[in-house]
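Enquirer: Let me begin by handing over the structure; questions about it come next.
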Amino acid sequence: MKKIILFTGLFTYSIFVSAQNTALKATVAQKATSLESKVISWRRDFHQNPELGNREFKTSEKIAAHLRSLGIEVQTGVAKTGVVGILKGGKPGPVVALRADMDALPVKERVNIPFASKAMGEYNGQEVGVMHACGHDSHVAMLMGTAEILANIKSELKGTVKFIFQPAEEGAPEGEEGGAALMVKEGVLENPKVDVIFGLHISAQTEVGKINYRPKGAMASSDWFKIKIKGKQAHGASPWQSVDPIVTASQIILGLQTIVSRNVNLTESAAVVSVGKVTAGVRSNIIPEELEMAGTIRTLDKKVQEMIHNRVKQITTNIAESAGAIAEVSITKQTLITYNDPTLTEKMVPTLEDVAGKNNVVLTPAATGAEDFSYYQDKIPGLFFFLGGMPKGKNPTETASHHTPDFYIDESGFVLGMKAMSNLTLDYMEMNAKK
């Protein structure tokens, strides 16, 4: 009889908790809808006034002021211009981090909208146009909205929320540290210690109303390589007197392109090796002494990454030696593999399906783009997903891609983004609440 009573009590409590969470989600949905115009207004302000990485001064001031107005504890100057907000719920439970990146890109906007960016900035010593050409303005605005939603139900939260507004996701200026790596280094995942982190990215090639995700390797690591070739200078009319670094580099570039096609098992993992920059010479009739080139390596597997690093060095040095030249190779790890914890992903996908509809949550192939959200996931379990930002009825092959002057986002997807981040927080807290 005692066992039956105990079971009945637990069952009744479970129903009560579930009903309580359902009521909170209804409040979340209502608040997200009511915040839509405000969030769009914030986004347009950020879009019209973009700031480059580690220079997000005005952006961070606006974020901090909003968080303070909600009664959220605020830390500023984290990883240079980062802002961290801490919202302690009314009940004990896990610490959930939600992240948005703040920086814009050195791109001159071409989109004909009333709030188009006309901002200018300095990038690597050059004056450039500045544009939110990757949607980070949307991320900031949605997380500000999410903070307001969760602050509104603070007393019912079973845990603590840490809002991370991160600078320099696109990379810090040359010679500076920045981004997620610096935030982790400065202890953003500590005090209080974070248990899990969620993040989203708006997608200009995904229809509004849809969410894309992938467990395990979702986005590639990003490594930069630089190659310096030293040959022997000569008159262009007497090439036999030279050791031509340009011809040598041409052979090296072709050799590097065989790594993926001949050394990577493409049935198991994808990879990319691209040379994006070659610099040599000053005149058309002088074979130069030196050449420099640079490129990127993208991988979704750590073993493949290590193999490609070794092959880049082997191919470069061996081809250079065969030509009588000397080669120097340096490889810098920029971003880790964005790895969605498979257990966490499996548990949280139903939450995404609940807010978007099961048919609108899509398992997608891995992407060879990179995301420094991976530095958080290197320390704690995390889930990173893509939110639709393409107008309905558009063809994704005909829409402007990210990092281009014509990049455009449909703002009608913001409510779904706020609901997704809020409900992920609520459900994770419910699953891991201290009884």
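Here, each number is a calculation from the coordinates, and none is a lab measurement. This is a predicted model, so every value here is computed, not measured. In this analysis, Cβ positions are derived from the backbone assuming ideal geometry, glycine residues included, and neighbour counts consider all displayed protein chains.
Enquirer: Place a point 7 Å from the Cα of LYS303 along the Cα-to-Cβ direction; which residues of the range 230-269 have their backbone N under 14 Å from it?
Expert: Of the residues in the range 230-269, 264-269 have backbone N under 14 Å from the label point off LYS303.
Enquirer: To the nearest 10 degrees, how steeply does helix 57-69 sit against the main Cα axis of the chain, on a 0 to 90 scale?
Expert: 10 degrees
Enquirer: Please compute, for the alpha-carbon atoms of the range 358-428, the extent along each of the three principal axes and give them in descending order in Å.
Expert: Answer, in whole Å and largest first: 37, 25, 21 Å.
Enquirer: In a Gaussian network model over the chain where Cα atoms closer than 10 Å are linked, find which of ALA366, ALA323, ALA79 has the largest mean-square fluctuation.
Expert: ALA323
Enquirer: What's the extension gain from LYS434 to ILE246 if we count 0.36 nm per residue and subtract their Cα-Cα distance? Don't skip to the answer; put the middle values down first.
Expert: Numbers: separation 188, 0.36 × 188 = 67.68 nm, distance 6.49 nm.
Using 0.36 nm per residue and subtracting the Cα-Cα distance, I get 61.2 nm.
Enquirer: Something else about it: Considering only DSSP beta bridges where both residues belong to the chain, give the percentage that are antiparallel (nearest 5).
Expert: Given both bridge residues lie in the chain, the antiparallel proportion sits at roughly 70 percent.
Enquirer: So, counting K/R as plus one and D/E as minus one, what does the shell of residues with Cβ under 15 Å around LYS392 add up to?
Expert: Details: positive: LYS210, LYS394; negative: GLU207, GLU398, ASP410, GLU411.
That works out to -2.
Enquirer: What nm value, rounded to one decimal, do you get for the distance between LYS230 and GLU176 when each label is placed 7 Å out toward the C-beta?
Expert: Modelled inter-label distance: 3.3 nm.
Enquirer: Can you work out the FRET efficiency for the pair GLN30 and SER284, with r the C-beta to C-beta distance and R0 = 56 Å, to the nearest 0.05?
Expert: For R0 = 56 Å, the calculated efficiency reads 0.25.
Enquirer: Of the trypsin sites (Lys or Arg not before Pro) in the range 242-289, which ones lie in a loop per DSSP and count no more than 10 other C-beta atoms within 10 Å?
Expert: ARG283
Enquirer: Once you treat every alpha carbon in the chain as an equal point and sum by Debye, what is log10 I(q)/I(0) at q = 0.13 Å⁻¹?
Expert: At q = 0.13 Å⁻¹ the computed log10 ratios are -1.15.
Enquirer: Enter the angle in degrees (range 0 to 90, nearest 10) between the Cα long axis of helix 342-356 and the first principal axis of the Cα atoms of the chain, meaning the one along which they spread out most.
Expert: Taking Cα atoms only, the helix is inclined about 70 degrees.
Enquirer: What do you get for the angle between helix 2-48 and the principal long axis of the chain? Use alpha-carbon atoms, 0 to 90 degrees, nearest ten.
Expert: 50 degrees
Enquirer: Another question, if that's okay. Under a point-charge model restricted to the Cβ atoms of Lys and Arg (+1) and Asp and Glu (-1), what is the dipole moment magnitude of the chain relative to its Cα centre, in debye to the nearest 20?
Expert: Numbers: 47 positive and 46 negative charges, 257 e Å.
Dipole size: approximately 1240 debye.
Enquirer: For SER422, SER322, what's the fewest-to-most ordering of other Cβ within 10 Å of each Cβ? List each step's numbers first, then the result.
Expert: Values: SER422 29, SER322 10.
Result, fewest neighbours first: SER322, SER422.
Enquirer: If you keep only loop residues by DSSP, which GluC sites (Glu not before Pro) in the range 263-292 have at most 14 other Cβ atoms within 10 Å of their Cβ?
Expert: Numbers: sites: GLU268, GLU289, GLU290, GLU292; in loops: GLU268, GLU289.
When the GluC sites (Glu not before Pro) of the range 263-292 are filtered for loop state and at most 14 Cβ neighbours within 10 Å, GLU268 remain.
Enquirer: Another question about this same structure. When N counts the residues of the range 221-335, how does its alpha-carbon radius of gyration compare numerically with 2.2 N^0.38 Å, as a ratio? Before the final figure, lay out the partial values.
Expert: Working: Rg = 15.2 Å, N = 115, 2.2 N^0.38 = 13.4 Å.
Expressed relative to 2.2 N^0.38 Å, the Cα Rg reads 1.14.
Enquirer: Can I get the semi-axes of the range 57-122's equivalent ellipsoid? Compute them from the C-alpha gyration tensor as square roots of 5 times the eigenvalues, in angstrom, largest first.
Expert: 31, 13, 12
Enquirer: Determine Rg/Rh for the range 263-324; Rg is computed over alpha-carbon atoms and Rh is the Kirkwood hydrodynamic estimate from the same atoms.
Expert: Value, to two decimals: 1.10.
Enquirer: Over the Cα atoms of the range 315-435, what is the Rg over Rh ratio if Rh follows Kirkwood?
Expert: 1.14
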